[in-house]
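Participant: Have a look at this one before I ask anything.
The values are calculated or read from the model by the stated rules, or taken from the named source; none is laboratory data. Computed from a prediction, not measured in an experiment: that's the story for all the values here. Note that we place each Cβ from the backbone using ideal geometry, even for glycine, and neighbour counts take in every protein chain shown.
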Amino acid sequence: MTQLKKVAILGRPNVGKSSLFNRLLRQRDAITSDVVGTTRDVKKRMVTISGNRDFEVIDTGGIDDSTEMFSIVKKLSLRAADEADIIIYVVDGKNIPQEEDRELFYGLQQLGKPLALVVNKIDNDKDEALRYWDFLEFGAERTFPMSVSHNRYMNDFYAWLEEYIPEREEEDNSEPEEDEELSFEDIVEMVQEADEEEEDREIKVAIIGRVNTGKSSLLNALLNEERAVVSPVAGTTIDPIDEEMEYRDHKITFVDTAGIRRRGRILGIEKYAFERTEAMLADADIALLMIDSTVGVVELDERIANLVEKYKLGCLIVLNKWDIHKDDEETYKKAVEDIRDELKFLHYAPLITISAKTGLRVHKILDEIVDIYGRYKQRIPTSKLNEVLKYAINRHHIPTVNGGVVKIKFATQYETKPPKIAIIMNRPDGLHFSYKRYLANIFREKFDFVGVPLDIGGRKRGQRIDDD
């Protein structure tokens, strides 16, 4: 029997690779969504076109360098291209050509394999007139303007595939090979074996809080403190406004967001601003949670703080307008006690009292940001993590579940920003939230995770990385 041809689908995140994969399979197999990075695994399936042309199609994760995990996904995707006989590179036809796409496509051309450029999301003649012709500059041997979701202009693409996929020579009565999917442990192993990447020194910091807590004043004060390079990025009054500076060999990007009001008072364009703030938080690393010390923690502060927890950000609680209290010790103790009591879920976040108006202790915020970020992106070696896990288990055994014994095999950190730790065990459902909290406290006791949330979850051995 002739060996099956392998067809790899590559591209940056959210361009429609998984939709094309599903279209070739004629079924919904790969999960598709507008969320960048939905596909992380390398998924392989058997496909037949024209009734008698069989091949193996490979759906790869979006090629991106934004996080350590995504860079591993990129390596797996490029490895799939190396192993494939035919390569399909997908781009988003709704946008102008991206430089990253050009570089990736030119690199794939060097492999000397049949390579097609699929310009996806060309849903109508207007889209084709606006964007398709821009992508011809890639110099692809074949460029296909298509809409995978609408099944538009697919026939020419299938005809091109048939040029490289031979007809079936004879009936294959053997058992089909099992679909290959990378397990959670496969990904962890590849992360650990990956070459050490250039140290990440870019920090995205969101300044959030109620209206009139001093967010903009703090930003202005920070930008006047020992800055090396400041580069303002233009924005509108309803958009978050970015400011960049360099500090301790890090590029710090601050985003000053619109003050958040009570939900019932968020109307019209302010509602849009709130949505933009949430989108910005999804992309941030650290949040500076501003609280007005003259008012203390109110219900809206708690709701805003919940956004920090929702997006798993590193956090520094900034108690502003402290100059009014003149650094009174008793007032400080009571303020800290109240905040710790009202914001229990941010117990990991350090607290600093400042005055953005006078500059009191503002300079210390920059050091806190760099230090928290160092902990936010740190990776604990598996051996050290398991030494501490063994200590924790010996000190307090995990309870049984309905009389069944729960066994923890080992722990491994599989992602950073925030640190994500998998507890490999026979019964993941037996990892009660109270024991999970106990393990988190032990890890915090033994490792430096000040200002950093910990994401701890139970998994079975061999469980896929996206099975939660």
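Participant: Residues being without any contact (Cβ under 8 Å) to a residue 60 or more places away in the chain and surrounded by fewer than 13 Cβ atoms within 10 Å (Cβ to Cβ): count how many of those fall in segment 137-155.
Facilitator: So the answer is 5.
Participant: Just one of Val318, Val308, Val297 is assigned to a loop (DSSP other than H, G, I, E, B) and at pLDDT 90 or above; which is it?
Facilitator: Only one candidate passes the filter, namely Val297.
Participant: Separate question: Only one of (1) at positive phi; (2) surrounded by 17 or more Cβ atoms within 10 Å (Cβ to Cβ) is not met by Lys326, so which one is it?
Facilitator: (2)
Participant: Here is a follow-up. How many of the residues in segment 95-137 are modelled with pLDDT of 90 or more and hydroxyl-bearing (Ser, Thr, Tyr)?
Facilitator: 1
Participant: Right, next: Can you name the residue in segment 332-361 that is outside any loop (DSSP other than H, G, I, E, B) and without any contact (Cβ under 8 Å) to a residue 12 or more places away in the chain and, of all such residues, is farthest from Val297 (Cα to Cα)? Let's see the steps before the verdict.
Facilitator: First, the residues of segment 332-361 that are outside any loop (DSSP other than H, G, I, E, B): 332-342, 344-346, 351-353, 355, 360.
Pick out the ones that are also without any contact (Cβ under 8 Å) to a residue 12 or more places away in the chain and you get 333-334, 337, 340-341, 344.
Values: Lys333: 14, Lys334: 12, Glu337: 11, Arg340: 10, Asp341: 10, Lys344: 12 Å.
Among residues in segment 332-361 that are outside any loop (DSSP other than H, G, I, E, B) and without any contact (Cβ under 8 Å) to a residue 12 or more places away in the chain, the one farthest from Val297 (Cα to Cα) is Lys333.
Participant: Which residues, taken from segment 94-126, are within 25 Å of Phe55 (Cβ to Cβ) and part of a loop (DSSP other than H, G, I, E, B)?
Facilitator: Once the filter is applied, which keeps residues that are within 25 Å of Phe55 (Cβ to Cβ) and part of a loop (DSSP other than H, G, I, E, B), segment 94-126 yields Gln110, Leu111, Gly112, Lys113, Pro114, Lys121, Ile122.
Participant: Further question: Modelled with pLDDT of 90 or more and over 28 Å from Asp371 (Cα atoms): which single residue out of Gly403, Gly430, Gly458, Gly462 fits that description? Show your work before the answer.
Facilitator: Details: Gly403 fails: modelled with pLDDT of 90 or more; Gly430 fails: modelled with pLDDT of 90 or more; Gly462 fails: modelled with pLDDT of 90 or more.
Gly458 is the lone residue from the list that is modelled with pLDDT of 90 or more and over 28 Å from Asp371 (Cα atoms).
Participant: Next question, about the same structure. Given (1) farther than 22 Å from Met146 by Cβ; (2) in a helix (DSSP H, G or I); (3) modelled with pLDDT of 85 or more, identify the lone condition not met by Lys75.
Facilitator: Lys75 satisfies every listed condition except (3).
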